[in-house]
Structure formats: structure tokens, C-alpha cells
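*Asks:* The structure that follows is given in the form of C-alpha cells.
The values are calculated or read from the model by the stated rules, or taken from the named source; none is laboratory data. These numbers were taken from a predicted model, which means no experiment stands behind them. Here Cβ is always computed from backbone atoms with ideal geometry, including for glycine, and neighbour counts include all displayed protein chains.
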Amino acid sequence: MDAFFASIEQRDHPELRGKPVAVGYPERRSVVAASSYEARKYGIYSAMPSVIAMKKCPQLIFVKPRFDVYREVSLQIMNIFFEYTDLVEPMSLDEAYLDVTQNKKNIPSATTIAKLIKAEIKKQTKLTASAGVSFNKFLAKIASDYKKPDGLMVIPPEKADKFIDKLPIGKIPYIGEVTERKMHKLGIYNGADLKKFSLEELTKFFGKTGIYYYKVIRNQWFSPVTIEYERKSIGAERTFDEDIIELDELLEALKSICDILINRIKKRNLRGKTVTLKIRYSDFETKTRSKTFNFLINPEYELFTIAKELLFTPVAPVKPVRLLGLQLSTLKNEDDKLTSQLSLDF
């Protein structure tokens, strides 16, 4: 979907149309959840601190998020997908992969299906979507971003290599700004440059992720569209209105985060073996501390004790803390003793 949250707000509030809109709150500790295309012209994107967004665009209009509405529209769109195929893999409220090789309407062209879906989304929701059509998820994802908004791009097999060779390295999924800068230092600016490096060289420079870079740039990275996923972790975190330095205040905040996480764990009937504490300081330095057990812990009785131990090990925070987060991973569903992780149908 194109600027999904912001587009819904502009659809429902005509006075916002054509104006720079940010979904979120203008408070000092807040971040932008989504931005309209008018706001993006000022360099405003999701996850940007609100104070920075306001500096970039003083006339920016903040709109309170309505996630219940976004979820409702997302479900409406997913139902359109299911009219064509059951092989739908949602990645978020506004993005999904569809495998239409064998589709319910027996339409031989994936491009035709993409056009029909886009038209139906526009008809039912009055929102635009962009589609990417190709023979693997990697290329389809890139194609979907290329001609936004309201775009449609097709990358057939015979054009894939030429397209990848010219692809800017920053367009490859999972290559962030830090990795992009590292690649630039190695003389890697596009797909053709990346292909010059051997598997051994890429794993030397980038670790296991180098395997992904090596295969994806050669169209050797294939993963099926799947309708279920394994939940690998569950967590909770809190950004404080004011930085915290006093240990008793940190413990009180940590306890409240534990209570939230325990509630989420109990609702899903989960247990786990690994507890991870995230600490983000006022200067945005972020540290994580983890402890793994050889048994499934009982969150209700053990989680806070473990979290306290992580807070003080190796040393208690010595700088003001902006955020605390807690995560339980290596999960197991208590209803299924035969599996080590939770599988959920979408």
C-alpha cells in the first residue's frame, strides 16, 4: 500500500489532502509512524523522531494513529487477495506476498492479476497500492517499491540479470545505511559490483549475511510464499517521558514492562529459554544483555528476577536511560509439546 496510514487519514479527512501529514505525536519522545508523500518531499519518513520531522517541515500536521481503522482496512485488502489465491504471506498491515502461479480465477498472467487487485483495492477502499511482479520474492519486493505511488512494475526472468546489475546497492532488502557505507568503501555501488565478490569474500566482510548477498544477487535465493510463520520471540518495551538514572525508578519501570510481557506470554500460552534486556541511553547508545537457560522458564515467577539480574550484570546503568525493553525467545507453545516454537495461521 502507498503511505498506508497517512493515506487513510487523508482519505477520511479531506482537509488533509495535499498537505504534509505525519501519523504520530509531536511530543519530544515520539517518532513518526507514517508520513504522506507531501511530507516525504521534506525528507520525513517513518521512525524519524518527531522533533526532527518538525524541524524539517514546520507546517507538518500530526494526526493521532487509529490502528483499529488501519487493521480493519488491512483485513479488507487481505480479503481481496484471498479472492485470487490462498497463498498470501502478510509482512505487515500494508504489505504481503502473493503466489498466483495457481490462482482461483485461472488467469494465466500475473500482471493481469496485479492490475485487477490494484483496481479492486481502489474501488473498495479508495486507496492506491503498488505492485511488483516477478518470479521470486526478492525481485517482486524491489519492483513494488520502484514506481510508487500507484505503481506496477514487472521483472520477467529474461530481464532479471540486467536489472540486478544496475540495481543500486541500497535498494537491496536488509542493506541499511551502515552496510551500504561499508559496501561503498569496498567499491560496491550496484549489483554488478557485488557480483564481482566471491562467497568467501562476502562472508569474510559480512559474516553469514554474506551468503544472502551472494545468492540474492545471482537469483539463487528462493523462499516460498508461506501462509504461516514461527514466532521466534515476544517482547515489550517502554520509552520514558524523562530519562531515568535512579535505580529504584529503573526497577519500578522494569517491573511494569515485565507485567506487560507476562500478560502477553500468558495469553499465548508460551514459555521460552532466552531472556534479553535492551537498554537505550539518553545518547541513543543501545546495549542488549541476554541469558539462556537449558529449560523453559516460568515467566510469572522467574522473569522479573532474571530481568533484574540482567539490569545489574555486568554493571548497573551509569548513564540516564531513555528506553527499557524485555524479550523472551526460544519459544514453545505449552499446548504443543512436540514443537519448539509457536506456529500461527494468518
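*Asks:* Does LYS137 count as closer than 20 Å to PHE222 by Cβ, in contact with a Phe, Trp or Tyr (Cβ under 6 Å, 6 or more places away or on another chain) and basic (Lys, Arg)?
*Replies:* Against the criterion (closer than 20 Å to PHE222 by Cβ, in contact with a Phe, Trp or Tyr (Cβ under 6 Å, 6 or more places away or on another chain) and basic (Lys, Arg)), LYS137 qualifies.
*Asks:* Name the single residue, out of those in the stretch 100-130 being assigned to a loop (DSSP other than H, G, I, E, B) and polar (S, T, N, Q), that is surrounded by the most Cβ atoms within 10 Å (Cβ to Cβ).
*Replies:* SER130
*Asks:* Still on this structure, please answer the following. Just to be sure I understand the filter: pairs with C-beta atoms under 7 Å, separated by 6 or more residues or on different chains, first member in the stretch 19-48 and of a type in the set (Lys, Arg), second member surrounded by 17 or more Cβ atoms within 10 Å (Cβ to Cβ) and not in a strand (DSSP E or B). Which pairs pass?
*Replies:* LYS19/GLU38
*Asks:* Now a separate question. Looking only at the stretch 139-158, how many residues end up being in contact with a helix residue (DSSP H, G or I) (Cβ under 8 Å, 6 or more places away or on another chain), hydrophobic (A, V, I, L, M, F, W, C) and assigned to a helix (DSSP H, G or I)?
*Replies:* Selection size over the stretch 139-158: 2.
*Asks:* What are the pairs, 6+ residues apart or on separate chains, where a residue within the stretch 245-259 that is free of Cβ contacts under 8 Å to residues at least 24 places away in the same chain has its Cβ under 8 Å from a residue that is β-branched (Val, Ile, Thr)?
*Replies:* Listed pairs, sorted by first residue: none to list.
*Asks:* Still on this model: Taking the options VAL73, VAL88, VAL31, name whichever one is at pLDDT below 95, under 27 Å from SER134 (Cβ atoms) and touching a strand residue (DSSP E or B) at 6+ places or on another chain (Cβ under 6 Å). Before you say what the answer is, go through the steps one by one.
*Replies:* Values: VAL73 fails: touching a strand residue (DSSP E or B) at 6+ places or on another chain (Cβ under 6 Å); VAL31 fails: under 27 Å from SER134 (Cβ atoms).
Going through VAL73, VAL88, VAL31 in turn, just one is at pLDDT below 95, under 27 Å from SER134 (Cβ atoms) and touching a strand residue (DSSP E or B) at 6+ places or on another chain (Cβ under 6 Å): VAL88.
*Asks:* Name the single residue, out of those in the stretch 165-180 being assigned to a helix (DSSP H, G or I) and β-branched (Val, Ile, Thr), that is surrounded by the fewest Cβ atoms within 10 Å (Cβ to Cβ). Walk me through how you get there before you give the answer.
*Replies:* Of all residues in the stretch 165-180, those assigned to a helix (DSSP H, G or I) come to 165-166, 169-171, 177-180.
The next check asks that each one be β-branched (Val, Ile, Thr); those that pass are 169, 178-179.
On the way: ILE169: 18, VAL178: 8, THR179: 18.
Looking at residues that are assigned to a helix (DSSP H, G or I) and β-branched (Val, Ile, Thr), I get VAL178.
*Asks:* Hey, which of the helices (runs of 4 or more DSSP H) in the stretch 1-63, taking only ones fully inside, have at least 2 residues that are over 23 Å from the mean Cα position of the chain (by Cα)?
*Replies:* 4-12, 50-56
*Asks:* Only one of these is under 16 Å from SER233 (Cα atoms) and either at pLDDT 95 or above or more than 25 Å from the chain's Cα centre (by Cα) (or both): ASN298, ASN269. Name it.
*Replies:* Only one candidate qualifies: ASN298.
*Asks:* Which condition breaks for MET78 when tested against (1) surrounded by 13 or more Cβ atoms within 10 Å (Cβ to Cβ); (2) out of contact with any Pro (no Cβ under 8 Å at 6 or more places or on another chain); (3) within 29 Å of VAL225 (Cβ to Cβ)?
*Replies:* The single condition MET78 does not satisfy is (2).
*Asks:* Follow-up. Can you tell me which residue among GLU249, GLU180 is of a type in the set (D, E, K, R) and within 26 Å of LEU328 (Cβ to Cβ)?
*Replies:* After ruling out the rest, the residue left standing is GLU249.
*Asks:* Scan the strands (runs of 3 or more DSSP E) fully inside the stretch 222-317 and keep the ones with 2 or more residues being more than 27 Å from GLU89 (Cα to Cα) and either outside the structural domain of ASN136 (by TED's automatic domain parsing) or not hydrophobic (A, V, I, L, M, F, W, C) (or both).
*Replies:* The qualifying strands (runs of 3 or more DSSP E) are 233-244, 270-281, 286-297.
*Asks:* Oh, and also: Only one of SER256, SER290, SER282 is touching a helix residue (DSSP H, G or I) at 6+ places or on another chain (Cβ under 9 Å) and of a type in the set (Ser, Thr, Tyr). Can you tell me which?
*Replies:* Step by step, each of SER256, SER290, SER282 is checked, and only SER290 is touching a helix residue (DSSP H, G or I) at 6+ places or on another chain (Cβ under 9 Å) and of a type in the set (Ser, Thr, Tyr).
*Asks:* Return the residues of the stretch 298-322 that are in contact with a Phe, Trp or Tyr (Cβ under 7 Å, 6 or more places away or on another chain) and surrounded by 19 or more Cβ atoms within 10 Å (Cβ to Cβ); say none if nothing qualifies.
*Replies:* Correct list: VAL321, ARG322.
*Asks:* Quick one: in the stretch 215-235, which of the residues that are touching a strand residue (DSSP E or B) at 6+ places or on another chain (Cβ under 9 Å) and of a type in the set (D, E, K, R) is modelled with the lowest pLDDT?
*Replies:* GLU230
*Asks:* Name the single residue that is modelled with the lowest pLDDT among those in the stretch 170-190 being under 17 Å from the mean Cα position of the chain (by Cα) and within 11 Å of PHE206 (Cβ to Cβ).
*Replies:* Among them, the one singled out is TYR174.
Condition check ((1) closer than 15 Å to ILE306 by Cα; (2) among the acidic types (Asp, Glu)) across all residues:
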| position | (1), (2) |
| --- | --- |
| LEU251 | yes, no |
| SER256 | yes, no |
| ASP259 | yes, yes |
| ASN263 | no, no |
| GLY272 | yes, no |
| THR276 | yes, no |
| ARG280 | no, no |
| ASP283 | no, yes |
| THR292 | yes, no |
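*Asks:* So which of LYS122, LYS104, LYS166, LYS118 ends up being over 23 Å from the mean Cα position of the chain (by Cα), within 29 Å of VAL69 (Cα to Cα) and modelled with pLDDT of 95 or more?
*Replies:* Of LYS122, LYS104, LYS166, LYS118, the one residue that is over 23 Å from the mean Cα position of the chain (by Cα), within 29 Å of VAL69 (Cα to Cα) and modelled with pLDDT of 95 or more is LYS122.
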